[in-house]
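First up is the structure itself, then whatever we jot down about it.
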Amino acid sequence: MTDTPTPGRFGRFGGRYVPEALIPALEQLDEVRQKAAVDPDFLDELDRLHRTYTGRPSIITEVPRFAAHAGGARVILKREDLNHTGSHKINNVLAQALLTKRMGKRRIIAETGAGQHGVATATAAALMGLDCTIYMGKVDTERQALNVARMKILGAEVVAVEHGSQTLKDAINEALRDWVANVDDTHYAIGTVTGPHPFPEMVREFHKIIGIEARQQVLDLTGRLPDAVIACVGGGSNAMGIFHRFIEDEGVRLIGVEAGGEGIESGRHAARFAVAEPGVLHGAMSYLMQDEDGQTLESHSVSAGLDYPSVGPEHSYLRDIGRAEYRYATDEATMEAFRLLCRTEGIIPALESAHALAGALEVGKELGPDALLLVNLSGRGDKDMHTAAAWFGLIEEAR
Amino acid sequence: MTAIGTAAGTAEVLARCKAEGRAALIGYLPVGFPDHAGSLRAMTTMVENGCDIIEIGVPFSDPVMDGGAVQRAAGMALAGGTRVADVFDAARTVREAGAPPMVMTYWNLVLRRGVARFADEFAAAGGAGLITPDLIPDEAGDWIAASERTGLDRVFLIAPSSTPERLAAVTSQCRGFVYAASTMGVTGVRATVGSAARDLVERAREVTDIPICVGLGVSTGEQAAQVAGFADGVIVGSALVSTLFDTDLEAGLERLAALTRELAAGVRQGQAQ
């Protein structure tokens, strides 16, 4: 049994580090999703939802006034913020909700950090008539109160998780506990490219449409491929989604931007690759922020969606083989990039996506005016107005 | 593979219990709870009052398989500065008290120390083996090799959801015993231990001769007796842990001793029922 490679490995990363109780559900999910991937009925239904519900294909927007601050490079945004529910998350959720019904399950659960995945899941549940429970760290329910209300209005139950650091990782812990107890009738729609196999691969497959569309759109607009594709990386689903179609394009740099928080030396960050130590969390082997004993360290970021101590295993693999590179943007640099896009282009990005913008400002200056950069604008910033207003002193509250 | 544990392992104890016509009592407590010294005294108390095997828990920051009681205890242990290496102290203490010490640990703590190093250190401290709730045999190549080399028992889990193929695959990789989760869910006290546990044990018996110990949900002597009627061992965690909450240590240890005696009497009634 140990001589054969386990499914779902990306080099040494990935795998299935979960209780035996969940193995049958993971095997069922893997079988159902593989059948669906070649089933015209499933693909047609998903395509119809993309076109008539989500609003795909999402457009691209060239942002010259922003790009003037990026060394004069051309900068093109992939507008996942314009999707229904306001982020890329809906791509994955609609597909997993369809799979939930195919498996004969009537309930869907999810974790959420910023609330984007929770809102998307609650939306899909409402659309398809599924019961829905969303787990969210208590700290995150406070900094994303508006999204909590959105999920409730959509009919979901929202559970504020008060264990541990009360953020995304603790929400995942609680969702896993729910799943083990209710796996007969419940699907756990993991919101990013992590977790036990087949989640990392499956979620990437459901998001790869981002890169497929964007590659053609950039070719149509500019007649060439971008020099770099830039995306923020929390768990890493929007990044895998836009990277995947470009992996074979050797001349295209793939650049992930992690949350640098208050700086690496402060210890208050979520820059897993800045430390780069492998470990197991939530079912997958990947790079992990951990102490000497292997206890998970608490991450920090101004953006709840990047506030996670591990990262999707395929990212760790792409880094190890040198195909993708990872850098980080601090809270400070991110908020400046956030404000810059608002002021120069009239687009309010999610704080998560603002990390990618901060990365683009750096990369543009490094590559100069001949460079063409494609940036995944993974979400819109309406949900972050409270944080931004406090940060910039626009309302009477200490930041 | 049938159970052949080492002379110092759990197989010998389980065989002795079987010869006595009863199930074994396996008690769980996290090291460092309520504090380091207190946890060592508590484990000794559990052995002296009738636990045949001790499962030493290692507190982990993200205990996804645990319910409220064990989460709370692990949190207290971590807040008190408990380190992974403390498990070796606990192993020596349990061994001196006269029971085989097993360690129950989330896998990243072993990975981080190094699988071979952890196995060597635990064996040197008198440890009997590892119970690995988030490691399936498919991912356990390094650990199986270390276990073969050191003679430590390796206990994987089976669950009510396990298919016949998985039951066969998992039990064939166990040594010492297999841990049968009585229910789909996390650790914690339950009012009843349902029929799922009996069904699971019966299904597992069809594919293995290895002793089968049942955990999750047992809290009383009556439940222990019920489970002892069909299992080779009864594993109790949250109920024992809970005796040490919200009390001074001496009073807690008395409660712990009393519950252990009740459970020990239970596993001796089971076979007679």
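The values are calculated or read from the model by the stated rules, or taken from the named source; none is laboratory data. None of these values were measured; they are calculated from a predicted model. Every residue, glycine as well, gets a Cβ built from its backbone with ideal geometry; the counts of neighbours run over all protein chains shown.
Among the residues of the range B:108-130, the ones that are within 12 Å of another protein chain (Cβ to nearest Cβ) and either surrounded by 24 or more Cβ atoms within 10 Å (Cβ to Cβ) or touching a residue at least 60 places away in the same chain (Cβ under 8 Å) (or both) come to 3 in all.
Scanning the range B:11-32 for residues that are within 18 Å of B:Gly188 (Cα to Cα) and touching a Leu at 6+ places or on another chain (Cβ under 7 Å) yields B:Leu25, B:Gly27, B:Tyr28, B:Leu29.
Taking residues in the range B:9-32 that are on the phi > 0 side of the Ramachandran plot, and partners anywhere that are modelled with pLDDT under 95 and surrounded by fewer than 23 Cβ atoms within 10 Å (Cβ to Cβ), the pairs with Cβ atoms closer than 9 Å and at least 6 places apart or on different chains are B:Gly21/B:Gln271; B:Gly21/B:Ala272. Within the range A:287-301, one or more residues are of a type outside the set (S, T, N, Q), under 30 Å from A:Met136 (Cβ atoms), in contact (Cβ under 8 Å) with a residue 12 or more places away in the chain and outside any loop (DSSP other than H, G, I, E, B).
Is it the case, given these coordinates, that A:Gly235 is crowded, with 24+ Cβ neighbours inside 10 Å, more than 14 Å from every other protein chain (Cβ to nearest Cβ) and either in contact (Cβ under 8 Å) with a residue 24 or more places away in the chain or touching a helix residue (DSSP H, G or I) at 6+ places or on another chain (Cβ under 6 Å) (or both)?
Considered against the rule, which asks whether it is crowded, with 24+ Cβ neighbours inside 10 Å, more than 14 Å from every other protein chain (Cβ to nearest Cβ) and either in contact (Cβ under 8 Å) with a residue 24 or more places away in the chain or touching a helix residue (DSSP H, G or I) at 6+ places or on another chain (Cβ under 6 Å) (or both), A:Gly235 comes out as yes.
Would you please name the residue that is nearest to the other protein chains (Cβ to nearest Cβ), looking only at residues in the range A:173-197 that are closer than 21 Å to A:Tyr287 by Cα and either among the polar types (S, T, N, Q) or free of Cβ contacts under 8 Å to residues at least 12 places away in the same chain (or both)? The extreme case among them is A:Asn173.
Close Cβ contacts (under 7 Å, 6 or more residues apart or on different chains) running from residues in the range A:109-123 that are surrounded by 24 or more Cβ atoms within 10 Å (Cβ to Cβ) to residues that are acidic (Asp, Glu) comprise A:Ile109/A:Asp178; A:Gly113/A:Asp140; A:Gly113/A:Asp307; A:Ala114/A:Glu352. Every condition in (1) facing chain A (nearest Cβ under 8 Å); (2) in a strand (DSSP E or B) is met by B:Arg154 except one, and the failing one is (1).
Only one of the listed residues (B:Asp138, B:Asp134) is touching a strand residue (DSSP E or B) at 6+ places or on another chain (Cβ under 9 Å), facing chain A (nearest Cβ under 7 Å) and either part of a strand (DSSP E or B) or closer than 27 Å to B:Glu165 by Cβ (or both). That residue is B:Asp134.
In the list B:Asp142, B:Asp138, which residue meets the criterion of being in contact with a Leu (Cβ under 9 Å, 6 or more places away or on another chain), farther than 23 Å from B:Leu29 by Cβ and of a type in the set (D, E, K, R)? Spell out the reasoning first.
Working: B:Asp138 fails: in contact with a Leu (Cβ under 9 Å, 6 or more places away or on another chain).
That would be B:Asp142, the only listed residue that is in contact with a Leu (Cβ under 9 Å, 6 or more places away or on another chain), farther than 23 Å from B:Leu29 by Cβ and of a type in the set (D, E, K, R).
For the range A:350-368, the set of residues classified as surrounded by 24 or more Cβ atoms within 10 Å (Cβ to Cβ) and among the charged types (D, E, K, R) consists of A:Glu352 only. For A:Asp39, the conditions (1) touching a residue at least 60 places away in the same chain (Cβ under 8 Å); (2) farther than 30 Å from B:Ala197 by Cα all hold with the exception of (1).
Can you name the residue in the range B:47-76 that is more than 11 Å from every other protein chain (Cβ to nearest Cβ) and assigned to a helix (DSSP H, G or I) and is also surrounded by the fewest Cβ atoms within 10 Å (Cβ to Cβ) among such residues?
Of everything passing the filter in the range B:47-76, B:Glu48 is surrounded by the fewest Cβ atoms within 10 Å (Cβ to Cβ).
Looking only at residues of the range A:146-172 that are facing chain B (nearest Cβ under 9 Å) and surrounded by 24 or more Cβ atoms within 10 Å (Cβ to Cβ), we find that the one that is nearest to A:Leu130 (Cα to Cα) is A:Ile172. Residue selection: B:Gly176 satisfies the criterion of being on the phi > 0 side of the Ramachandran plot and surrounded by 23 or more Cβ atoms within 10 Å (Cβ to Cβ). Of all the listed residues (B:Val207, B:Val201), the sole one being outside any strand (DSSP E or B), touching a Ser or Thr at 6+ places or on another chain (Cβ under 7 Å) and surrounded by fewer than 24 Cβ atoms within 10 Å (Cβ to Cβ) is B:Val207. Taken over the range B:33-59, the criterion of being small (Gly, Ala, Ser) and out of contact with any strand residue (DSSP E or B) (no Cβ under 9 Å at 6 or more places or on another chain) is satisfied by B:Ala37, B:Gly38.
Among residues of the range A:259-283 being out of contact with any Asp or Glu (no Cβ under 8 Å at 6 or more places or on another chain) and β-branched (Val, Ile, Thr), the one that is farthest from the other protein chains (Cβ to nearest Cβ) is A:Ile264.
Here A:Ala329 meets the list (1) touching a Lys or Arg at 6+ places or on another chain (Cβ under 6 Å); (2) not in a helix (DSSP H, G or I) almost entirely, failing just condition (1). Of all residues assigned to the range A:332-349, none qualifies as being touching a residue at least 40 places away in the same chain (Cβ under 8 Å), of a type in the set (Asp, Glu), surrounded by 24 or more Cβ atoms within 10 Å (Cβ to Cβ) and assigned to a helix (DSSP H, G or I). Against the definition (more than 14 Å from every other protein chain (Cβ to nearest Cβ), surrounded by fewer than 18 Cβ atoms within 10 Å (Cβ to Cβ), out of contact with any Lys or Arg (no Cβ under 9 Å at 6 or more places or on another chain) and farther than 19 Å from A:Val203 by Cα), how does A:Gly55 come out, yes or no? It is true that A:Gly55 is more than 14 Å from every other protein chain (Cβ to nearest Cβ), surrounded by fewer than 18 Cβ atoms within 10 Å (Cβ to Cβ), out of contact with any Lys or Arg (no Cβ under 9 Å at 6 or more places or on another chain) and farther than 19 Å from A:Val203 by Cα.
Of all residues in the range B:179-195, those satisfying the criterion of being within 11 Å of chain A (Cβ to nearest Cβ) and either at positive phi or part of a helix (DSSP H, G or I) (or both) are B:Gly185, B:Gly188.
From the list A:Val280, A:Val229, the one residue that fits, being in contact with a Phe, Trp or Tyr (Cβ under 7 Å, 6 or more places away or on another chain), farther than 30 Å from B:Arg112 by Cβ and of a type in the set (A, V, I, L, M, F, W, C), is A:Val229.
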